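Read the structure below first, then the notes.
The values are calculated or read from the model by the stated rules, or taken from the named source; none is laboratory data. What you see is a predicted model, and the numbers here were worked out from it, not measured in a lab. Cβ placement follows ideal geometry from the backbone for every residue including glycine, while neighbour counts extend to all protein chains displayed.
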Amino acid sequence: MIHSKCPKCHVGNVFEGKVYSLRKQHMNEVCPHCGVKYEVEPGYFYAAMYVSYALSVAEIVSVSVAIAVLSRSESPWVYLAGLAVTILLFAPFNFRYARLILLHFLTPKISYDPRFELALEIQENDRQPENESSK
């Protein structure tokens with residue numbers, strides 16, 4: 001999950017580009033390796049908003065405690081500035097990993113199957129002689 005790989009085959013990339021790329025964040029519709037469709041049903045990734053919310057709350061609480069311990073400031077502006085920076089810095093991370101957590105841990109229809117990868121390799125090996133003989 002950390003490397004943004006497909007939950008079914010653990011080979012294909014779920015996202016194009018890096019987490020903090022300057023381009024728009026883009027998620028592949030299907031796995032480029034095994035072809036599994038990521039959006040199980042229409043509107044499926046709306047559930048990722050709840051996962052993103054949980055990640056944001058954990059980050060905000062952690063940063064608030066760190067600011068309280070390190071700065072010992074009672075000014076609300078110190079907290080607001082720290083939290084605003086935290087939310088902006090972690091937004092791309094939350095977008096990506098909320099969807100990955102949803103796919104890897106909260107989707108029973110898509111789960112890792114090592115036999116699935118083996119079956120794909122067998123299919124590819126069966127197709128190769130046909131392609132070579134047609135040349």
> Hey, among P114, P108, P129, which residue is modelled with pLDDT under 85 and under 17 Å from the mean Cα position of the chain (by Cα)?
Replying inline: P108
> Among the residues of the stretch 80-91, is any under 14 Å from the mean Cα position of the chain (by Cα), at pLDDT 90 or above and buried (at least 16 other Cβ atoms within 10 Å of the Cβ)?
Replying inline: yes
> How do the pairs read when you match residues in the stretch 75-94 that are more than 21 Å from Y20 (Cβ to Cβ) with residues anywhere that are surrounded by 12 or more Cβ atoms within 10 Å (Cβ to Cβ) and not polar (S, T, N, Q), using Cβ under 6 Å and keeping only pairs 6 or more apart or on different chains?
Replying inline: Y79/I67
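This table checks each residue for (1) within 29 Å of V14 (Cβ to Cβ); (2) buried (at least 16 other Cβ atoms within 10 Å of the Cβ).
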position: E39; (1), (2): yes, no
position: P42; (1), (2): yes, no
position: V51; (1), (2): yes, yes
position: V57; (1), (2): yes, no
position: I60; (1), (2): yes, yes
position: A68; (1), (2): no, no
position: V78; (1), (2): no, no
> Which residues, counting only those in the stretch 8-47, are closer than 13 Å to Y97 by Cα and in contact with a helix residue (DSSP H, G or I) (Cβ under 8 Å, 6 or more places away or on another chain)?
Replying inline: V14, F15, V19, Y20, Q25, M27, F45, A47
